[in-house]
Structure formats: C-alpha cells, structure tokens
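Novice: The following block contains the structure, expressed as structure tokens.
The values are calculated or read from the model by the stated rules, or taken from the named source; none is laboratory data. Here the structure is a predicted model, which is why all the values come from computation and not from measurement. Cβ atoms come from the backbone with ideal geometry, glycine included; neighbour counts cover every protein chain shown.
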Amino acid sequence: MSASSVELDVLTAKDFASDQEVRWCPGCGDYSILAQIKKVLPTLGIPKEKYVFVSGIGCSSRFPYYVETYGIHGVHGRACAIATGVKLANPELSVWVATGDGDALSIGGNHFVHMLRKNIGLKVLMFNNRIYGLTKGQYSPTTELGKRTKSTPWGSVDRPFNALSVAIGAEATFVARALDSDPKQLCEVLERAARHEGTAFVEIYQNCVVFNDGAFEYSHKSQRADNTLYLEHGKPMIFGKEREKGIRLIGTHPEVVTVGKGGVAMDDLLVHDERAAEPTLAYLLSRMRHPEFPEPVGVFRCAEEKSYERRVYEQVEEAKKRLGEGDLAGLLQSGEAWEIT
Amino acid sequence: MVTKTQAVAQPIPIQEMETVTIRFAGDSGDGMQLAGTQFSNASAIFGNDVSTFPDFPAEIRAPAGTLFGVSGYQINFSARDISTPGDRLDALVAMNPAALKTNLQDLVKGGILIINSDAFTDANLKKAHYENDPLEGEELDGYQLFKIPITKLTLEAVKDTGLTNKQAERCKNLFALGVVCWLFDRPLDPPLNWIHQKFGKTPAVDQANTLALKAGYAYGDIVEIFPVRYKVQKASLPPGTYRRLTGNEALSLGLVAAARRAGLKLFYGSYPITPASEVLQELSRHKNFDVITFQAEDEIAAISAVIGASFAGCLSATGTSGPGLDLKQEAIGLAVMTELPMVIINVQRGGPSTGLPTKTEQSDLLEAVCGRHGECPLPVLAALSPADCFGMVFEAARIAIKYMTPVVLLSDGYIANGAEPWRIPGMDELPGLHPTFASAGTTGDGFQPYARDENLARPWALPGTPGLEHRVGGLEKKDISGAVCYEPENHQLMTELRQKKVEGIAKDIPLQEVHGPARGKLLVLGWGGTAGAIQSACEAAQAKGHDVAWATMRYLNPFPRNLGDVLKSYKKILIPELNAGQLLTLVRARYLVDAEGLNKMQGRPFLIREIGDRIEQILRGVSS
Ligand code: SF4
C-alpha cells in the first residue's frame, strides 16, 4: 500500500487461506461456509490485518485456524465474551464470531443474549447443525423433541430453542438465516451482516454429515423452492416452484395461500419489513417452521441502533471534554491531601 | 495506654496519649461507617498515623436494633508508626443496646463508653436480648460511662432546618462524631468540608449535618461531663504529601497509574461482588484516562473480555472475590495457554461458597497458585496493607507485561475496606512500563507467535498490525510457531517452558526482607494482610529482648530466591495465617522445613496479642 493513497491492496479469497490443514469431515457443511467467508472478506474494503475471528469450542470453532487473519480459539461458550473484549479494546477491528448451536445457546447462552442486548459490533455466525459434533453425537439445544441421539436413545425430551426467536427476544438488531447449501444467498447475508453496526447474528443451517445428516434436507436445492421463503425487504412474501404461493396474515397468525385461488390477490400477501421499529414481524417469521410453513431465509431484522462500543467511546470522549485529558499526578493528589514536612 | 497528664489553663485538663483505638458502633442504618471515615480523615489530616477496620453486616439494611445488624468502624490513631487498627478499644461509641452488647467485650477496663441513652428503649433492649437495662445495673461498672441523649440533642440542634423528624434523626451520627472530635481534640474542618461537598446541593441537609456536628462538639465543652480531654500528637511520618487510601481505592489508582506509565488503554472487566466492587466503581469514574470499564454479565464474561482486550493491546485487568475466582479459573487457563498479559485481582473473603461475604480471610492462596486443571503456573502476588495495594497492582502489571502472563494479585476484605495514610509518590518514582509490540519489520519472514525472548516471554502482536496475522487458543501450541500441536515431546517442552518462564520471574523480584536477627531462634513468616499484626507483635517481642525475626511476603509464586536460605537460618518458624495453613503447606512442600502454623478462621484479622502470645509460648519452649 503506498503511503499517499488510501487504496487497498486488492485481496482475493486466497489471501485469507491459512496454511492449516482443514480437519472437518469430508462433506461437512462447514466447508461451504468457509469458502463463502473467504469470498466475502476481500470484498468488504477492510485490510486483512483488521479482521479477528473468535470462536469457542466445537466443530465450528476450528474456524479461526482456517482463515489467515488474527484469531482466538477460546474455551467452550465464551467466544461472544472474548470477542466483546477485542472489539471494546479496538473498535476499528472487524470482529467475527464463529460458534455453534451448543457453544452459543447452551454453555454460552448467557454471553450470547447479553451481547445481543448490548448490541456490540460483532458478526456472529452460528453454525446450526442441531447436534454436538465434536463430542460425537449428543443432542443440542436446537435438536428436535423426540430425536434419537447418542445421549437420547429413547428420544430427546428437551424442547428445543428456536435460535432466531431467542436472538429477537434478546433485543438483537440484526437477525438473519442462511443455508450452507445455498452459497449465493449465504454470501449476500454475510455481506449484509458485515456492514451492520451493532451485533449481526446469522444462523446458518449446516449439515453434519456424520451425526445428523440431512437435518435440513428440506431446504436443499431440489426441495428448496417449496420449503423456504426468501425474504426481501419491501417485497410480498412469495415462494414455491412456480412462485405461486404466499404468506398472508390472519389476525396474528400467518397462513400459506395460493395466489389467485380462493380470491387471494398479490395485495393480500404480507410484505416484508426488516426495518420495522418493533421486532414483532421478525419474531412471527422466526416462528414459521417446516413442514407447516416454508422456513424464511435472509434478513429478518435490520434495525438501526447505536453500537455498544460507540456508546462506550462517546462516554470516554465526554469525560475528557468535561474533566480534561487524564492527568495522573492530579489524580493521585485528588481527595483530601496533607503535607508532612 | 501510654499517658501523661499535663496541667493546662483550660477548665478541663488535657491528657496526652500516644495511641488511641476507638470504635463507632450502631445500626447499619446509623451512619457509623461515615462517622468512622470522617474521624479517621480528621486524624490523618491532623498528622497522626492511622489504621482503620470497618466491620459491617452482610445484610444491606438488617432490621433495626438487632444484634446481627450492628455495623462498626474502628480507628487506631497514633503519634507513632502503627500497622494495625488496634487490638482493644480505648473508647467505644454505642448507638443502641445491640451495639453495646456486641462490642463491649473489646473495650479495655476503664475505657471510655459513650452511649446514646435515647436508644435504650424497652423494644431495643429486647431486640438486643437484654433482660435488664445495662445502663441501670452494675454490668458497666469499671468503664467510664457517659450516657448522652444523642437523638434528642440532635433533634433539638437541627429543629430550625425544616427537616422532618426522620431526616433530622439521621444526623445523630454527626452529633456523636462531634462529641468524639471534642474529646480527642480533633479539628472539625475536615468533616465540615466533607459535609459541604456532599450535601452542598441540598442546603437544609447541609445545614442540619453541620449543626449536629457542631452541637456535638459544643456539648463536650459546655456540659462538662467529661473530666479530661485527650490529645494524640502528630506522628513523625516521612515527609511528603499524604492522602488517606483504602485498599480498593489504591488498587484502582494503581491500575490507572500502570496503564499510563505503559502508555496503554486500561480495560477493566468485572462483575459486582463483595468486597471487590469498589474497584469497578472507582475506575468507572476515570474514563478521561482512557479507562474502559466493562460490567460483564457474569464473572466468566468479565475474564473472557479481559482476555480479548489483552489480545487487542490493552492493559487488561479484572477484579473479583473467591466465588468469582472459582468461576474464572477455566478462562485463566486459557490466558496461561495463550500467554497474554493481564492482572487478576482477588479480594479474598471468608469461604467456602458464599461464606462470609463481608468478612476477611486469606484462604484463596492455594487456589491462586494451584487452582486450575493441568499444569497451569502463573505469578501470584499479595498486598500487605491498604496503601501497599497501589504499588503491588502496579508491580503485577509490570510482571504481566514483561513476561506475557496473567498475574494474580491477592488482597482481602480487611485491606480492601481498611484505610491508612499513603504518601503520594512523585511521577519520577513510578517506573515506566515498556510493552513492546511485534511488528512485521522486526520479525522477518513468517511471524512466530511462540518464539521467546530472554525472559521466555512470547511477542505481543496486535490485531491491526499487517503481516502478523496469527491465531492463539486453548489447544496446545507448537513451540515457536504456535500451530496446534499434539506431539508428546512438544507438550512436555511447552509445559516446562511455561513453568520456567514463571520461575524465572524470581530473578526479577526483590529478595525477601527479614527484620531482626539474620539467624536465631524464631522467624515469624506471613503474607498479605496479616503483615501489620505480625510486625506489631514481633516489634513488641523484640523490644522485650526476645530472639525473634519476622518477614512478610508479597511474592508467593515464584518465591523470592533467598527464601530457602532465610528459612534455614532459624530454629523455629511460625506462620500465622487467616486460613488452615496454606502458605505453611507451600513452604513445607517446597523447602522441607518444619514450620508451624497459627491459624485463625473467624472472618476477622489477627489481634496483635494473639500472635504475641504464641511467640512467647514458642520461646518458652512450649510446643504447639
Ligand atoms: S462432526 Fe459433523 S459438524 Fe463436525 S466436522 Fe464432522 S460433519 Fe462437520
């Protein structure tokens, strides 16, 4: 980079490839996510040295080793808290969290909700495979009720979390869902997340080929059109192979309708508004689950709200304005002092 | 009590005393902490050496009048150097029957007992489990009893300020303070200034408190119930500018000072916990010093954020107490593995579990040294007194930065809340701390995050530095490159390197100081907050001609390099601790010396005589 120009070196996905051998199982959905990240990072206009990837423990949490940026592979559940410290120490950094359904919603649940509430400027990618992969196949907080896993041979008796509902309930300002099986859409969501001020939470449906293969099969290419709903701000909610189906609101309940049938017109469909002042619509969308509904993907909510770090540093500036730049000698002498001669 | 009577022109004679210990005791809502703080301030500003011991219940507002709701503040002020808040009370102010009942046993026979007689109602007597009014019986014979209707006199004094009765009554602590200030000839200016500062915005309250204080002072003068007044001359402390400092204040200032001298932002991540919360509160006031305070959602988040902030280049610190340290241990292991600098303050309290939140103990030493899974060494330091916290937290920061390691600093509830005069250091007395950050230019081709310098410290490479992109984490690291590595020999090597790095700090810390004969019959060895009581007990024994030396330790891991030789120079070693023998265990294991413990676990500091008595016994050849 020349000193006189602010132009950045042109980075490519290759620049973000680390020398570490990737150790995920062949066919794991994590590969797709890694590939899209490496594609998106060079396009954001951020110099490589300003990226920091932070993770906890789990298959997803190996992520930082595989991108050639600064990174911390933390301990189980603590990624959001560690990343908070990084961001507060230096808000100039672009700080990303790679976490999983167990890491973020179980052992790290407390950090997860408080990070969202505070709106700390972190990009949080939660790889949801609805299972514990690294510990070899126990059920997770997003595993469906009744599911047989290694630790639930008679079926799970736990009611699962709906990750997006949790995030919205925790005051998240950016909430999105993406699919490991749809790289293009994943890229778009990652880009949107990267540009959001405050916490950007992205749930990524990720296939664990070894312990929970096909968990999201309904969203794979051949069935995707009928089972997912691609959200677009300001556009009516339409889906289906022929783009013939839509979502209508009856009272406070969504309903699947076919446009042109039973007197349903285009105008009757629900229109997406990711910037609504209240998160009611985003919450309603987060409750739509397969097979009763197509599962929405894309940006559910993107609200403008000052980030936590901005508030923190504004206060530092305010303190300096009011009290003056800190003077150590003055501070030590403050309070009632007396002389002994 | 060392006294000498002096005839003066005043109607009431003044008697000189070298050292006085006084305690204000009352309901937790009676403002005793405030009265005590103001009295110790006035004494310190007057020029005495001062040591204080606040003692309050765990309940925020325990039911009025109950025994468990009594709050006390003890002040020892002296014309000479003192190191403890004093064993026995020369004077006790008891604002109600419960305070009398729970504190009388500490008052010396013949001591001054000031009572708020208005509070000795049937209801209050019952709550304090008195069957008969002690003011009527013989129980208090043998003390100089002064019954003063403090509530009534306070109400009378402030009646024109327009305060409600309830508000007015709250000024009675200042009336009591006024009486005591008169009795011990303290200047009124320091408390008056404080009142104006605190209540200036509400003139009625300002005026009422001022009137109550002055009325108390005048009461002593006019009513002539006291046969003598007392005077404690100024102490001859080293010249300089002084202020009064609690341990927690000293920690806060020390952290700011260290960050400034290192040229770094200070990041303090913490979760509120007694008795460490004041550090978070105090630091949050100093944002203009580039102090970022982060009140985390829990103890684990606090240390985790500190790890992140350290990685990104702040001087980072967290503060907690025992239960919080338990929760932080896994993350501290990560800090050891990633070799990032940070200061972890543990203000110890009585444990285990919730234990005694507001009471002191020294029972986390082993936890600090050995409390994590795996081989997980880190330096452990301790402060000896409230003011010593300043220097020791600064030292902890120095070691953390120089050796790229988390450092645990142990304080305790007694040090945290106690106060003493502190000579304010000049800027030239504070050493510069010099963090060196790696840069692409200095590392040549391919950055090696686990290459080490002569101190075995790895480089600190900040995100944002081009060319130094690297990953740290909890998995074992390959020597030099820092890549994840499970090779058996490498794990052995890295385990030993981490150990050696911490051991190597021994060459960079002062030798253990010993006071008294360099070899002889008995060494009294202590650490942390018991230092004052040990010093006082040993100096008294030495003054009697006993063959005893004493040493109080600030460095607990690694130990000072001369410690083994010191221990071998004495026939007997006594280790008084507020725990069941933790330093004792470490010292015996490390040096194979037959030391013996003196162990107190009552949530209270040692009395000087408890240590003094044991010294006498040992020297008389009595085995423990
Ligand atoms: S266990 Fe599952 S999630 Fe983990 S790497 Fe293998 S396929 Fe991926």
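Novice: Within the stretch B:569-624, restricting attention to residues that are among the basic types (K, R) and under 21 Å from the mean Cα position of the chain (by Cα), which residue is farthest from B:G351 (Cα to Cα)?
Specialist: Applying the filter and picking the extreme gives B:R609.
Novice: Give the residue that is nearest to the ligand (Cβ to nearest atom), with candidates limited to residues of the stretch A:97-150 that are of a type in the set (K, R) and not in a strand (DSSP E or B).
Specialist: If we take residues in the stretch A:97-150 being of a type in the set (K, R) and not in a strand (DSSP E or B), then A:K136 is nearest to the ligand (Cβ to nearest atom).
Novice: Condition check: more than 16 Å from the ligand (Cβ to nearest atom) and within 14 Å of chain B (Cβ to nearest Cβ). Does A:L190 satisfy that?
Specialist: no
Novice: With (1) among the acidic types (D, E); (2) free of Cβ contacts under 8 Å to residues at least 12 places away in the same chain; (3) within 16 Å of the ligand (Cβ to nearest atom) as the list, and A:D180 as the residue in question, which single condition is left unmet?
Specialist: (2)
Novice: Is the stretch B:369-383 home to any residue that is within 12 Å of chain A (Cβ to nearest Cβ) and at pLDDT 95 or above?
Specialist: Taking every residue of the stretch B:369-383 in turn, at least one turns out to be within 12 Å of chain A (Cβ to nearest Cβ) and at pLDDT 95 or above.
Novice: Any residue in the stretch B:248-259 that is surrounded by fewer than 21 Cβ atoms within 10 Å (Cβ to Cβ) and either touching an Asp or Glu at 6+ places or on another chain (Cβ under 7 Å) or not assigned by TED's automatic domain parsing to the domain that holds B:F394 (or both)?
Specialist: No, the conditions are met nowhere in the stretch B:248-259.
Novice: On to the next question. May I ask you to list the residues in the stretch A:26-41 that are in contact with a Phe, Trp or Tyr (Cβ under 9 Å, 6 or more places away or on another chain) and either farther than 23 Å from A:V189 by Cβ or within 14 Å of chain B (Cβ to nearest Cβ) (or both)?
Specialist: A:K38, A:L41 - these are the residues of the stretch A:26-41 that are in contact with a Phe, Trp or Tyr (Cβ under 9 Å, 6 or more places away or on another chain) and either farther than 23 Å from A:V189 by Cβ or within 14 Å of chain B (Cβ to nearest Cβ) (or both).
Novice: Given the condition surrounded by fewer than 20 Cβ atoms within 10 Å (Cβ to Cβ), free of Cβ contacts under 8 Å to residues at least 12 places away in the same chain and either within 22 Å of the chain's Cα centre (by Cα) or not assigned by TED's automatic domain parsing to the domain that holds B:S83 (or both), answer yes or no: does some residue in the stretch B:547-564 qualify?
Specialist: The answer is no, given that none of the residues of the stretch B:547-564 is surrounded by fewer than 20 Cβ atoms within 10 Å (Cβ to Cβ), free of Cβ contacts under 8 Å to residues at least 12 places away in the same chain and either within 22 Å of the chain's Cα centre (by Cα) or not assigned by TED's automatic domain parsing to the domain that holds B:S83 (or both).
Novice: Residues in the stretch B:24-42 that are within 18 Å of the chain's Cα centre (by Cα), of a type in the set (A, V, I, L, M) and buried (at least 24 other Cβ atoms within 10 Å of the Cβ): how many?
Specialist: The qualifying residues number 0.
Novice: May I pose another question? Just one of (1) part of a loop (DSSP other than H, G, I, E, B); (2) acidic (D, E); (3) free of Cβ contacts under 8 Å to residues at least 60 places away in the same chain trips up A:E318, so point out which.
Specialist: Evaluating A:E318 over (1) part of a loop (DSSP other than H, G, I, E, B); (2) acidic (D, E); (3) free of Cβ contacts under 8 Å to residues at least 60 places away in the same chain leaves (1) as the failure.
Novice: Taking the conditions exactly as written (within 16 Å of the ligand (Cβ to nearest atom) and modelled with pLDDT of 95 or more), does A:Y31 satisfy them or not?
Specialist: yes
Novice: In addition: Pairs needed: first member in the stretch B:92-117, closer than 16 Å to B:V179 by Cα; second member anywhere, modelled with pLDDT under 95 and buried (at least 24 other Cβ atoms within 10 Å of the Cβ); C-beta distance under 6 Å; at least 6 residues apart or different chains.
Specialist: Qualifying pairs under 6 Å: B:M95/B:D30.
Novice: Also, I was wondering about something else. Working only within the stretch A:58-72, note down all residues that are away from the ligand (no atom under 15 Å from the Cβ) and either touching a helix residue (DSSP H, G or I) at 6+ places or on another chain (Cβ under 6 Å) or not assigned by TED's automatic domain parsing to the domain that holds A:I37 (or both).
Specialist: A:V67, A:E68, A:G71, A:I72
Novice: What residue, of B:Y217, B:Y271, is more than 22 Å from A:S334 (Cα to Cα) and more than 14 Å from every other protein chain (Cβ to nearest Cβ)?
Specialist: Only one candidate passes the filter, namely B:Y217.
Novice: Can you name every residue in the stretch A:49-93 that is aliphatic (A, V, I, L, M), more than 19 Å from B:V336 (Cβ to Cβ) and over 18 Å from the mean Cα position of the chain (by Cα)?
Specialist: A:L88, A:A89
Novice: Still on this model: Which of the following residues is more than 7 Å from chain A (Cβ to nearest Cβ), farther than 23 Å from B:P449 by Cβ and crowded, with 24+ Cβ neighbours inside 10 Å: B:T293, B:T320?
Specialist: B:T320
Novice: Being within 11 Å of another protein chain (Cβ to nearest Cβ) and surrounded by 19 or more Cβ atoms within 10 Å (Cβ to Cβ): is that true of B:V472 here?
Specialist: yes
Novice: Got a sec? Which of B:A396, B:A416, B:A400, B:A368 is part of a helix (DSSP H, G or I), touching a strand residue (DSSP E or B) at 6+ places or on another chain (Cβ under 6 Å) and within 20 Å of B:T585 (Cα to Cα)?
Specialist: B:A368
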